[in-house]
Each structure stands twice: as structure tokens, then as C-alpha cells.
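Bear in mind that the values in this text are calculations on the coordinates, not laboratory data. It should be emphasised that the depicted structure is a prediction, and the values quoted were computed from it without experimental measurement. Here the Cβ is made from the backbone with ideal geometry for all residues, glycine too, and neighbour counts use every protein chain on show.
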Amino acid sequence: MSHAILETTDLTVRFGGHVAVDHISCSFNTGELTAIVGPNGAGKTTYFNLISGQIPASEGRVMLNGHDISRMSVAQRTHLGIGRAFQLTNLFPNLNVLENVRLVIQSKAGRGFNMFSMASTHDDLTTPAMEIVDRVRLTDQAHQIVSELSHGDQRKLEVALLIALDPLVYMFDEPTAGMSVDEAPVVLDLIADLKHRKDRSILLVEHKMDVIRTLADRIIVLHNGALAADGEPAEVMASDVVQEAYMGRDLEGALANV
């Protein structure tokens, strides 16, 4: 049975006189993929930043698996189970793809995060690292230096590192942005695989409605930093509050063009 693994209560942040996130109370369940949508400037990425610890909240709380993590650092939240893709991007740009993935597995196994203790002392971690590299279809690039990867391959590596971390909550902020039409399905298939496991919560900021239709169990809509709607996709798209928030425009058309 699903249960709330992550909760935000009256989560708020102000920058000067501007309220960027305005008292958002929301819970996210294990086994559920929640799409977070809204026009540019709605507060989606800022809300992500508050959850993952990039910025401190002005008010409110973040709870993870029953623990108040509101005052914890990014590293502490990551250790407890918050995983956000960009936190790990280009972890060591001068190491190759396989080494980057192996470092995350090494840290997850409690063997430290030391790039100088990798080769012979952690041979047993190479096989699971390579399995993840294969899953994200970077097999041919396994020994390529990360800084030399294409943008699309770097995005795939983000997902690989997040899979290696295996957090309780996966946070993806426009994971296919800048990727080609050939590259994007690889990342979306990986997210779908994570969803089908039903043992993690996934938060997805996304503008592409076809992606949301395919993946989302639930949609929350942010508007001017506040929670405008929350529910099943069909219900949210048809809600009056969303239609009003988008100035009378069709939700699907509005979101497809932001």
C-alpha cells in the first residue's frame, strides 16, 4: 500500500518582497509519479530547490519518511533519501562514465566517496556499475571522459547516477530538456521503469503534455508560487481553478506552450 514518504507543510520562500513559493502543503506517496506543472515563473524549480535543500525556506517544513529535514543540508537530505538528478551531474568530469557511476555505488555501500581508492579495492562494484551504464545505453561511452560527452549523454548519465544512488524520492526537473528526439525516449523509459517498481516516489517537472499523459499518476499545478490544483490528470485538466489560472485558456494548450 502506498503511503506519504515526502510532505511539505506551508512551505514558503520569499526573496525580498516577492513570494516565490507560497505556503504549499502537499504530500507525495510511495509508488506514485507526480507531475508538477505550471507556466514559467510559477515556482516549480524553486519548490524543488526547497525540497532538496538548495535554498532555505522562509516558513514551513519538509518531512521525509517521518523525519523533519527542513534545516538539513543538501548532503544530509541526499543521505536520507532525496535524490535530484542535477545534484550529481558531472560529479567528476575528468573521470569516465563507468568511474562516475561506480563512485556513487561506492558511496552508497558506505565505502566513502574517494576517487583515489577506486580500482582494485572496489572491483566488486564494477559489475553493478556497468549494469547501470548499460541500462542508460551508455555502454559504448563507458570509458569516455564525462566532460567529452554530448549534452544528451550527460543527461543520461544524470539518470544513471540517480539510479546508482537509489533514493526514496526521485526528483527530475525537465529530464529531457535539450535532448534529441532519439535520445529522449531512453530517459523516459528509465523513469517509467522506476515508476513500475512501485517502491519509490517520483516527482517530475515537465512541460511536455505527451510525457505527462504517459507517466503521471497525478498532477499538481503551481501558479504564482501557490498550489492551484492537485489530483488525477483528467480531473486537474478539467478543473475550473486551472482554467482560471491559465486565463481561460485550455490547460493542455497552455502547458504545451509554456
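Put in line by how crowded their Cβ is, counting other Cβ atoms within 10 Å and starting with the fewest, Met237, Met171, Met63 read Met63, Met237, Met171. The angle between the Cα long axis of helix 126-135 and the longest principal axis of the Cα atoms of the chain comes to about 40 degrees, rounded to the nearest 10. Taking every DSSP beta bridge that has both ends in the chain, the antiparallel portion is near 55%.
Using 0.36 nm per residue and subtracting the Cα-Cα separation, the extra length available between Ala192 and His67 on full extension is 42.2 nm. Counted residue by residue at 0.36 nm each, then reduced by the alpha carbon distance between them, the extension gain from His18 to Asp210 reaches 65.9 nm. In this calculation the C-beta distance from Ser58 to Leu80 is compared with R0 = 35 Å, giving a FRET efficiency of 0.95. For Asp199 and Glu235, the FRET efficiency from 1/(1 + (r/R0)^6), where r spans their Cβ atoms and R0 equals 30 Å, is about 0.70. Could you tell me the calculated FRET efficiency between His151 and Thr126, based on Cβ-Cβ distance and R0 = 35 angstrom, to the nearest 0.05? Efficiency, rounded to the nearest 0.05: 0.85.
What shape does region 150-206 have by the C-alpha gyration tensor, where a ≥ b ≥ c are the square roots of the eigenvalues, rounded means a/c under 1.5, and otherwise prolate means a/b greater than b/c and oblate the rest? Taking the square roots of the gyration eigenvalues as a ≥ b ≥ c, region 150-206 is prolate. Only helical runs count toward this figure. For the chain, summing -39,500 (n - 2.57) over DSSP H runs of n ≥ 4 and dividing by all residues gives -10000 deg cm²/dmol at 222 nm.
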